[in-house]
Each structure stands twice: as C-alpha cells, then as structure tokens.
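Notes to accompany the following structure.
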Amino acid sequence: LMAQVSGATQAPAPVVVAAPDLWAGPAPLGLAAFGFTTLLLSVLNVGIIPSTSIGVVLALAIPFGAGGQLIAGLVAFKNGAHFAATAFCSYAAFWFSFVFIFTLFGSILPKDPTPILGLYAMAWGLFTLYMTVASLAGTKAVTVVFVLLTITFVLLGIGFWGHDAMGHGMTQIGGIFGLATAAAAIYTSFADVSNAVFKRIVLPVG
C-alpha cells in the first residue's frame, strides 16, 4: 500500500526484524564437564589408580568440572531452563568446593575429617535425590545420570563414615557407581550434541 503524505505518495518504511539471539544448548558441555571429571575421580575411588594422583583430578576439576558446568549453567539461566541452570551451577560449585577441601582449606580440616566429609557427601546426595525427582520431567538418559549419582554420593558418604580410604570398602563401591554415572553422563552429552548437529535422532535419550 502507498501512503499519501502532503500530496505525495511514499512507500511505507520497511519492517526490520531483529536477528534471533541464539545461544547453544548447554547440556552437552555441562554433561561432558561433569562426566569426564567424575570419571577421573571414580577411577581413584575404585583404586584402579593410586589416590596420590588426586592432583590431576583437581587440575581438571577447576577449568572443566567447575568452569565448564558454570558456563553451561549460566547459559541455561539465559535460556530459561530451570532444571539445567540449577543442576549445572550447583555441581560447578561442588567441584570448586572439592578442590578447596584438598587445597585451600585442607590445612584447617580436623585430624579425622571423615565425619564431616560423610555429611558433605550425604548433603550432595540429598540435593541429587530431589533433582532426580525433577529430572523425571525430562529425558530418561538424564534421569539415569541422576539416579546413579544419588547412589554414588550415598555410598561415598557411608564410606567416609566407615573411615574407608580410596579403593576400599564402600568408597570403592561408590567409585564403581561413579564410573557408571560418568559413562551415563558422557553418553548423554554425546547423544545431545550429535542429535543437535545432525538435526535428527542419532542416539536415543528417551
């Protein structure tokens, strides 16, 4: 349509459509960061590699386990994804605190830190338990990750209270479940990123 203005005809101004503010889905990054860091720690908990190698886990936990998940969590907040934002930011904080326990605050821990470490693991188990309930609204693959992680935290908590060292008793069993958790998280990350880039279901997540 032509608009009549002061006796002259003018074309209407073109409608400018803003480009979409695209952000990538945070799940593949967050799950990979959690999965691979958990894999290394669980190898130590099982006793496959001596606990003296904990420094490598701590070195990975800061940039990837904590940093990668924090980025994923902040993107999830931007995308309005309540579950992913809560989960990734919280487990980023877990890895930061894990590093702090072994480094910054290690010198002020009690002579026998196992009771408080047991409570620490159980507290994370409780958080993971109610996140497991919330995960039922999503894919089955994510729920599997949270179910296994809940069991892992509970077993590690029992192990700490039983004064188990890495590679012994309930801590070792917790490490086995930790390996299963890591495998589930890595699979889900792989599935999410593959399905996204191929724009079809390459690997099922339920």
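The C-beta contact set for region 163-176 (first residue at positive phi, second residue open to solvent by 40 Å² or more (accessible area, probe 1.4 Å) and among the acidic types (Asp, Glu), distance under 9 angstrom, 6+ apart or interchain) comprises 163/112. Check 128, 114, 86 and return the single one that is more than 20 Å from residue 65 (Cα to Cα), among the β-branched types (Val, Ile, Thr) and touching a residue at least 24 places away in the same chain (Cβ under 8 Å). Result: 114 is the single residue among 128, 114, 86 that is more than 20 Å from residue 65 (Cα to Cα), among the β-branched types (Val, Ile, Thr) and touching a residue at least 24 places away in the same chain (Cβ under 8 Å).
When residue 166 is tested against (1) open to solvent by less than 60 Å² (accessible area, probe 1.4 Å); (2) touching a Pro at 6+ places or on another chain (Cβ under 7 Å); (3) modelled with pLDDT under 95; (4) not small (Gly, Ala, Ser), just one condition goes unmet, and that condition is (2). Scanning region 41-67 for residues that are of a type outside the set (Val, Ile, Thr), under 17 Å from the mean Cα position of the chain (by Cα) and open to solvent by 70 Å² or more (accessible area, probe 1.4 Å) turns up just one, 63.
Part of a helix (DSSP H, G or I), in contact (Cβ under 8 Å) with a residue 12 or more places away in the chain and open to solvent by 50 Å² or more (accessible area, probe 1.4 Å): does that describe residue 70?
Details: part of a helix (DSSP H, G or I): yes; in contact (Cβ under 8 Å) with a residue 12 or more places away in the chain: yes; open to solvent by 50 Å² or more (accessible area, probe 1.4 Å): yes.
Taking the combined requirement at face value, the residue satisfies it.
So, residue 178, is that one open to solvent by less than 40 Å² (accessible area, probe 1.4 Å) and at pLDDT 95 or above or not?
So residue 178 fits the description; yes.
The values are calculated or read from the model by the stated rules, or taken from the named source; none is laboratory data. Fair warning: this is a prediction, and the values are worked out from it, not measured in the lab. Cβ: placed from backbone, ideal geometry, glycine included. Neighbour counts: every protein chain shown. Accessible surface areas use protein heavy atoms only, side chains included; no ligands, DNA or RNA. Shrake-Rupley method; radii C 1.70, N 1.55, O 1.52, S 1.80 Å.
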